[in-house]
Structures are given as structure tokens and as C-alpha cells.
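The values are calculated or read from the model by the stated rules, or taken from the named source; none is laboratory data. Predicted, not measured: the structure shown is a model, and the values here were computed from it. With ideal geometry, Cβ positions are generated from the backbone for all residues, glycine too; neighbour counts draw on all protein chains shown.
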Amino acid sequence: MTLRGLIFDVDGTLADTEEAHRHAFNAAFREAGLDWQWDRKLYCDLLLVTGGKERLRHYVETVHLGSFTEPEIGNLVDRLHRLKTRFYLDAMATGAVTSRPGVSRLLTEARGHGLRLAIATTTSPANVMSLLERTLGSAAIGWFEVIAAGDSVRHKKPSPEVYLHALERMRLKPNACLAFEDSANGLAASLAAGIATIVTPSSFTARERFSGALAVLSDLGEPDRPFRAIEGESFGATFVDAALLRQWHRYRYPAERADPSALG
């Protein structure tokens, strides 16, 4: 089986965005006249719930349920999420977030080697587009032939639905791809879709467990800034490049050969 495609998560994987998201949630609370405050510890716990709206609903229902009726919760969640998205996009516009080490280099190299790129994320399309444009340049949006975002599927990670959706649109089988994630929920989703996965934990997910990952690295590394190998096999490499990707893929599928049936 030949490696044909790379599928990337966004938040925490392409860029360490969660602190910007946390500040945007808190700004939305203030704008709405609420005295809620999500500190880093609480937000780490809330990240176990994927999706911004889902995270807000979970918080209201577990902490403030007695304060709102069910219709009020739905309206409040929608309003807060709209406010939060506005504050997050404003933060993107000021350069509050940059891509993680090795991301831009690897994407450029992968394209040069003919590897197809896709995104599978639970975040909103607006957030994805803003992050790509601000961290990688406006042309980067066109690098990804599929952008499967939060509104593409009914069930969010750890459901594999968003990955299966991306595979279907790319017409690729799972064993023709590698996935990149930063969280346990994301890893569960990609593995359930049958995709071997490299994990680069973010500052908010570093304490999570990543059983089943092909490798767990501090980041993708650069030639002059090596990654730190946390788990798995890195074959003596110090940064992720196309050669290492293919080595991982052969390691994961040792008994398989290049096969045109990789195309669905």
C-alpha cells in the first residue's frame, strides 16, 4: 500500500490555538454580562467535550443548569458561540496564533512529493479558514482538497465520522493515509476510522494518554530544532519529513504492497 494522503486536525495540531479559544470564550461571557471565567485547569477538562457549542452546553448543564430552562440554554449557547467566534476571529486578525513548529515546512514538502492533503476537524469553517490564512498565508486554503469541518458531519470526535467523510470525498482507503492529531479524542476518531496517526500534543492535551498512536512527538520539528520523541518509533529522525512519513507508513503496513485499490 502506497502512502497517498495526509489528514490533519486543526486546533492544537496545525497551531496551538486553545489559549486563544479560551480567551475568546471568556470575552464572550463578559460581553453577555455573565460572571463566568474559564481558567486553564477548567478549560483542560472542558476540552474533553469536542465542539464549541457542545462545550458550552455541557458547561451550562453541569454547572448552571438550575439557572436556565431548556429553551433558554439553546438560545444562550447559540448567542455565546456567535460572540466567541467573533472574538476568536478578531484575535486571529491580530496574529495571536502562529503555526506549530514544522507545520508549514511539512505541508510544503508533502505537496512537492505529491501527497494529497485534507483537514478533519470539529471546529467551524470560519475558524479553519481564518487560521489557515493567518498562519500559513491565503494560498494555504487551496492546499487542502478537502476541508471537513464541524458542520460537515452530525457526530463530532471521538466519533470517526469526520475522518470517514474526508476519506470518502478523497476516494482513499484508510491505509493509504496518515492522520495528525493532538488530543485523545482526536486520536480515538482517526483510529476508529482506521487511519494510522501521529500525535503532537498541545499545551492543553500534553497529559492525555495516546494509546495506539503510531508516534507521539513534541511537535513536527525543524532541521535546526529537533522534535522530542515521547512514544513510538521515530527511526532516529529529528524532524518529520516526507521520508519519515513513508517510513512510518511502511512500518504500519509491512505486509502490504503498493496497490491501485487504495483508490475507492
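Checking the structure you have, find out if any residue of segment 147-164 is among the acidic types (Asp, Glu) and under 18 Å from Ala15 (Cβ atoms).
The initial filter retains those residues of segment 147-164 that are among the acidic types (Asp, Glu), namely 151, 161.
With the extra rule that they be under 18 Å from Ala15 (Cβ atoms), the set shrinks to none.
No, segment 147-164 contains no residue that is among the acidic types (Asp, Glu) and under 18 Å from Ala15 (Cβ atoms).
Yes or no: Gly74 of a type outside the set (D, E, K, R) and on the phi > 0 side of the Ramachandran plot?
The answer is no for Gly74.
List, please: which pairs have Cβ atoms under 9 Å, are six or more places apart or on different chains, and start with a residue in segment 177-203 that is free of Cβ contacts under 8 Å to residues at least 60 places away in the same chain and outside the structural domain of Thr123 (by TED's automatic domain parsing) and end with one that is among the basic types (Lys, Arg) and surrounded by 24 or more Cβ atoms within 10 Å (Cβ to Cβ)?
So the pair list comes out empty.
So, Phe87, is that one in a helix (DSSP H, G or I), touching a residue at least 60 places away in the same chain (Cβ under 8 Å), of a type outside the set (A, V, I, L, M) and out of contact with any Pro (no Cβ under 9 Å at 6 or more places or on another chain) or not?
In short, yes.
Conditions: (1) free of Cβ contacts under 8 Å to residues at least 12 places away in the same chain; (2) exposed (fewer than 14 other Cβ atoms within 10 Å of the Cβ); (3) not aliphatic (A, V, I, L, M). Phe68 meets all but one. Number of the miss?
(2)
Please count how many residues of segment 157-191 are of a type in the set (Lys, Arg) and surrounded by 21 or more Cβ atoms within 10 Å (Cβ to Cβ).
1
In segment 78-87, is there at least one residue being under 18 Å from the mean Cα position of the chain (by Cα), within 23 Å of Ala148 (Cβ to Cβ) and surrounded by 14 or more Cβ atoms within 10 Å (Cβ to Cβ)? Full working, then the answer.
Of all residues in segment 78-87, those under 18 Å from the mean Cα position of the chain (by Cα) come to 85.
If we keep only those that are within 23 Å of Ala148 (Cβ to Cβ) as well, we get 85.
From what is left, the residues that are surrounded by 14 or more Cβ atoms within 10 Å (Cβ to Cβ) are 85.
Yes; the residues of segment 78-87 include at least one that is under 18 Å from the mean Cα position of the chain (by Cα), within 23 Å of Ala148 (Cβ to Cβ) and surrounded by 14 or more Cβ atoms within 10 Å (Cβ to Cβ).
Among the residues of segment 169-188, write down those that are out of contact with any Asp or Glu (no Cβ under 8 Å at 6 or more places or on another chain) and among the aliphatic types (A, V, I, L, M).
Listed by number, the residues that qualify are Leu172, Ala176, Leu178, Ala188.
Out of everything in segment 1-48 that is touching a Phe, Trp or Tyr at 6+ places or on another chain (Cβ under 8 Å), among the hydrophobic types (A, V, I, L, M, F, W, C) and in a loop (DSSP other than H, G, I, E, B), what residue ends up being nearest to Thr135 (Cα to Cα)?
Within segment 1-48, the match that is nearest to Thr135 (Cα to Cα) is Leu14.
This table checks each residue for (1) at pLDDT below 95; (2) not assigned by TED's automatic domain parsing to the domain that holds Leu244.
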site	(1), (2)
Tyr88	yes, yes
Leu107	no, no
Gly114	no, no
Leu117	no, no
Asn127	yes, no
Thr135	yes, no
Glu145	no, no
Ala148	no, no
Tyr163	no, no
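Being surrounded by fewer than 18 Cβ atoms within 10 Å (Cβ to Cβ), in contact (Cβ under 8 Å) with a residue 24 or more places away in the chain and of a type outside the set (D, E, K, R) is the filter here; which residues of segment 90-108 pass it?
Within segment 90-108, Ala93, Gly95, Ala96, Thr98 meet the criteria.
Do you know which residues across segment 132-172 are in a loop (DSSP other than H, G, I, E, B) and either among the acidic types (Asp, Glu) or in contact with a Leu (Cβ under 7 Å, 6 or more places away or on another chain) (or both)? Before you say what the answer is, go through the steps one by one.
To start, the set of residues in segment 132-172 that are in a loop (DSSP other than H, G, I, E, B) comprises 137, 144-145, 149-160, 171.
Within segment 132-172, Phe144, Glu145, Asp151, Arg171 qualify.
With the checklist (1) closer than 15 Å to Gly5 by Cβ; (2) in contact with a strand residue (DSSP E or B) (Cβ under 7 Å, 6 or more places away or on another chain) in hand, flag the one item Asn175 doesn't pass.
Unmet for Asn175, out of (1) closer than 15 Å to Gly5 by Cβ; (2) in contact with a strand residue (DSSP E or B) (Cβ under 7 Å, 6 or more places away or on another chain): (2).
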